[in-house]
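What follows is a single structure, written as structure tokens, with notes after it.
The values are calculated or read from the model by the stated rules, or taken from the named source; none is laboratory data. From a predicted model like this one, the values you see are computed outputs, not experimental measurements. So basically every Cβ, Gly included, is an ideal-geometry build from the backbone, and we count neighbours across all protein chains shown.
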Amino acid sequence: QVQLVESGGGLVQPGGSLRLSCAASRSIFNIYTMGWYRQIPGKQREWVATLTSGGGGSSNYADSVKGRFTVSRDNAKNTMYLQMNSLKPEDTAVYYCNARAGYNYWGKGTLVTVSS
């Protein structure tokens, strides 16, 4: 089983930046697909970004975050990141880390609040 712990959430102003981290309890070298999801208040959880390949060879983003968010990971640190730039109030959500390793593993989430 893989335990995932998100961190880096907080309060930021519109247009600001924030980097989220997802620390795994074990090596993520062999985890081919990892990603980020978010749950906006009052809405269902939605997909944000996916990173495929330990070398960062392929990444995909939801239309709502394309050009603003970047997903990456550092296998040596067992950590995946989500760099969020040009944040908007509608980005306010609980962000969840996900890893597909025979099962969908989830962290407990970290809250990002974008507000003036």
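Considering N60, N78, which residue is polar (S, T, N, Q), in contact (Cβ under 8 Å) with a residue 24 or more places away in the chain and either crowded, with 16+ Cβ neighbours inside 10 Å or over 13 Å from V2 (Cα atoms) (or both)?
Being polar (S, T, N, Q), in contact (Cβ under 8 Å) with a residue 24 or more places away in the chain and either crowded, with 16+ Cβ neighbours inside 10 Å or over 13 Å from V2 (Cα atoms) (or both) holds for just one of N60, N78, which is N78.
Tell me, yes or no, whether segment 63-75 has at least one residue that is of a type in the set (S, T, Y), at pLDDT 95 or above, surrounded by 13 or more Cβ atoms within 10 Å (Cβ to Cβ) and over 22 Å from L4 (Cα atoms).
yes
Do the conditions hold for V48, that is, is it of a type in the set (V, I, T), surrounded by 18 or more Cβ atoms within 10 Å (Cβ to Cβ) and not in a strand (DSSP E or B)?
In short, no.
May I ask you to list the residues in segment 1-20 that are assigned to a strand (DSSP E or B), surrounded by 14 or more Cβ atoms within 10 Å (Cβ to Cβ) and among the hydrophobic types (A, V, I, L, M, F, W, C)?
Within segment 1-20, L4, V5, V12, L18, L20 qualify.
With respect to K66, is the statement that it is more than 16 Å from T92 (Cβ to Cβ), of a type in the set (D, E, K, R) and in a loop (DSSP other than H, G, I, E, B) true?
yes
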